[in-house]
Every structure is written in C-alpha cells, then in structure tokens.
Amino acid sequence: MHTNYANPSKKYPTASFVAVGARSIFGDTIEDAQNTIRFRLYYKMVYQMFSQYEDFILMQLPEVSGIGIVFVNDIYSDPQKTQSPTKYIVERVRKIKKIVQESYDEIHIQDDE
C-alpha cells in the first residue's frame, strides 16, 4: 500500500522534526530505551513520508530511539552557505541531536532503581 503525503515543507517551510519511539511495557518488563520497537516502526513510516523530498535529510538516533528529519533546503538556496553546505548541515544535525539527548530522560519511562 502506497500513501501519498503532502510535502510538509510547504506548510512549515523551515521546520525540522524529531520523532521518538517511546519504550513499551510488557507486564513487569520495560523495554530498553535504545532502538525500541516504536523507533524501528516510526523510522519506516518517516522514511516513506520524507525520503521522496530533497528538502530533508533523515538521521537515526538509535541510542535514544529518535529520528531526526532535518530541513536543509534553505542551506542549498543560500549562496553564502552553498560553498560549504556540509558544515551547516552537520551543525544543524548536531543541535537537533543535542536537544533529543537532553530531553531523553523526560521522554522515556524511567527504570525503577
């Protein structure tokens, strides 16, 4: 089954997105926070939605079960940044990854210690 998605950059032209696959609870067992079932499922769905658009790059953050959908079209359309687009993309990815990692404890269910 193929689903057509509207290009999210049309509605939010400069937005980047993050999705986090929360941990599951199976009875008394709490799933490990890294590489969760939801993360793997969400990545497949996000890939289907965004891989067709050159405006975004996708990054996996399995250590926090996160997916970064990073808007890069503005970098390629800025003459100053096109001379070294990788530098600007890496910096944007670094900032998004930092936010996800700093929010990690608030996102996931905490283990009882």
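Remark: accessible surface ordering of K98, K11 (largest first) is K11, K98, probe radius 1.4 Å.
The candidates Y12, Y88, arranged from most to least accessible area with a 1.4 Å probe in the full protein assembly, appear as Y12, Y88. Accessible surface ranking for E102, E54, E31, 1.4 angstrom probe, highest first: E54, E102, E31.
The amide H of F56, built 1.01 Å from its N in the peptide plane, has V72 as neighbours under 5 Å, considering only residues 5 or more places off or on other chains.
The values are calculated or read from the model by the stated rules, or taken from the named source; none is laboratory data. Remember, predicted model here, so these are calculated numbers, not experimental data. For the accessible areas, the whole protein counts, side chains as well, though only heavy atoms, and no ligand, DNA or RNA atoms are used. Shrake-Rupley method; radii C 1.70, N 1.55, O 1.52, S 1.80 Å.
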